[in-house]
1. Explain nothing, just compute: Karplus ³J(HN,Hα) = 6.51 cos²θ - 1.76 cosθ + 1.60, θ = phi - 60°, for every residue of the stretch 240-255 in order, whole Hz, x for Gly and Pro.
2. Just to check I understand the Karplus step: with θ = phi - 60° and J = 6.51 cos²θ - 1.76 cosθ + 1.60, what whole-Hz values come out for the stretch 222-236, glycine and proline as x?
3. Put +1 on the Cβ of every Lys and Arg and -1 on every Asp and Glu Cβ in the chain; which of MET38, ILE149, PRO173 then has its Cα farthest towards the positive end of the dipole?
4. For GLN95 and ALA66, calculate 0.36 nm times their separation in residues minus their Cα-Cα distance, and state this gained length in nm to one decimal.
5. Based on other C-beta atoms within 10 Å, arrange PHE77, PHE69, PHE205 from fewest to most.
6. Taking the Cβ of each residue in ASP164, ASP9 as the centre, tally the other Cβ atoms inside 10 Å and list the residues starting with the fewest.
7. Tell me which lysines have Cα within less than 25 Å of LYS168's Cα, excluding those fewer than 8 residues away on the same chain?
8. Any idea what angle helix 200-212 forms with the longest principal axis of the chain, computed on alpha-carbon atoms, 0 to 90 degrees, nearest 10?
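Values in this text are rule-based calculations from the coordinates and carry no lab data. Keep in mind that what you see is a predicted model, and the values were worked out from it rather than measured. Ideal geometry is used to build each Cβ from the backbone, glycine not excepted, and the neighbour counts take in all protein chains shown.
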Amino acid sequence: MATIQKRGDSYSIRVSCGYDVNGKHKEQSMTWKPDEGMTQRQIEKELNRQAVMFEESVNHGFKTSAIKFQELAEEWFENYAKNALRSTTYERMLQLTHRVYPAIGHLRIDKITARHLQGFVNSLAKEGANEKTGKPLAPKTIRHNLSFISDVFSYAVRMDLVADNPCKKVTIPKGEVKEKPIYSQEEMAQLLSALGGEPTKYRAFFFLIAYSGFRRSEMLGLEWKDIDFENNIISIKRTSNYTAERGIYTDTTKTKRSKRVLKISPYIMGILKELKEEQNEEALRLGDKWVESDRLFVKWNGEPMNNQTPYGWLKEFCEKNDMPFYGIHSFRHFAASAMISAGLDVVTVSGALGHCNSGTTLNVYSHMFQTAQARVAQAMDGAFSFLPAQDSTS
């Protein structure tokens with residue numbers, strides 16, 4: 001209920017807005033001054049009307065929009081993001097605050113315009129925005145920053161704090177998008193061949209990821225009960241992830257469609273059998289020191305392997321053998337390229353990769369499909385070489 005106090009010839013109307021995320025009491029206030037010549041009865045009637053109207057406006061959020069962006073973002077993290085987002089996404093959003101808060105954190109959300117946000121986004125595309133390299137941020141990183149701001153504003157709209165999300169009017173500068181290199185057939189063959197004398201778990205990891213295109217988190221989440229040796233089938237049912245707060249933890253797959261089953265080469269399944277036998281022997285040797293996690297890819301004592309271990313091991317391996325190092329995700333791109341080159345349609349490739357829909361596959365690999373289609377046209381032209389040449393003058 002509104003509290004009214006007389007201040008000289010004016011009246012202060014205050015309405016409680018509850019407490020912020022730090023437990024501090026919040027209030028909204030307004031000042032009302034009677035018109036000259038009003039009687040005391042008219043003043044009391046109008047004052048009560050102003051108090052009721054003000055309280056209703058506060059309760060509907062029209063005045064609480066005075067909250068600053070950083071305060072609202074912290075509320076969003078606590079009331080929504082912590083429970084609704086995957087831990088890896090939540091941690092990435094937290095990391096984005098070190099750029100967003102200095103730029104707009106001090107501004108009231110009802111005062112932040114699309115022009116403010118466009119200026120911030122444009123600044124990320126300028127030289128020096130990347131603190132490590134001194135170069136502009138990648139378009140994908142800029143998009144992550146804008147997405148975080150947009151999520152907070154969407155929350156503000158749902159809470160009736162603002163009427164619209166200004167992020168809808170902001171565009172991402174195009175910038176230079178460098179195509180990430182992927183292993184060619186020759187490079188991949190050389191790399192996999194060189195794994196012959198390496199530990200079985202790394203041979204198994206890189207043969208399987210190159211063949212299947214599984215995500216790294218899916219690879220590390222594999223358990224022996226997911227492996228059907230009789231039918232050479234592997235099922236993806238979970239992921240293994242890492243955050244500083246939680247350490248290594250098991251999570252659901254990225255999307256519902258990421259849960260899938262894939263037929264695997266008997267040769268690779270043979271390497272997995274070797275790995276299983278070695279693990280069984282190691283578990284017997286270590287006894288009580290062995291931690292039974294049922295994971296394929298583990299540390300020395302059976303605990304789930306750290307997410308950065310395959311990356312670090314491969315980098316060192318490539319340097320030692322004078323081979324190109326394109327990172328772990330390049331194996332997924334290689335597998336996709338191999339599927340597309342083999343003539344598989346987009347729906348089949350999408351299902352094998354576990355994309356949420358075929359549109360995602362087309363967006364990511366459109367150039368590969370175009371190249372494959374061009375090869376089809378060339379092949380068909382060769383097959384129909386008996387046809388007479390078309391007269392270009394007709």
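1. The phi angles translate into 10, 10, 9, 9, 4, 6, 9, x, 7, 8, 8, 9, 6, 5, 4, 9 Hz.
2. Running phi through 6.51 cos²θ - 1.76 cosθ + 1.60 with θ = phi - 60° gives 5, 10, 4, 6, 8, 9, 9, 5, 5, 10, 6, 10, 10, 10, 9 Hz.
3. Going by the charge dipole, the pick is MET38.
4. 7.9 nm
5. Details: PHE77 18, PHE69 23, PHE205 27.
Starting with the residue having the fewest Cβ neighbours, the order is PHE77, PHE69, PHE205.
6. Details: ASP164 11, ASP9 8.
In order of increasing Cβ crowding within 10 Å: ASP9, ASP164.
7. Hits, sequence-local ones excluded: LYS63, LYS68, LYS82, LYS111, LYS126, LYS140.
8. Relative to the chain, helix 200-212 is tipped by roughly 80 degrees.
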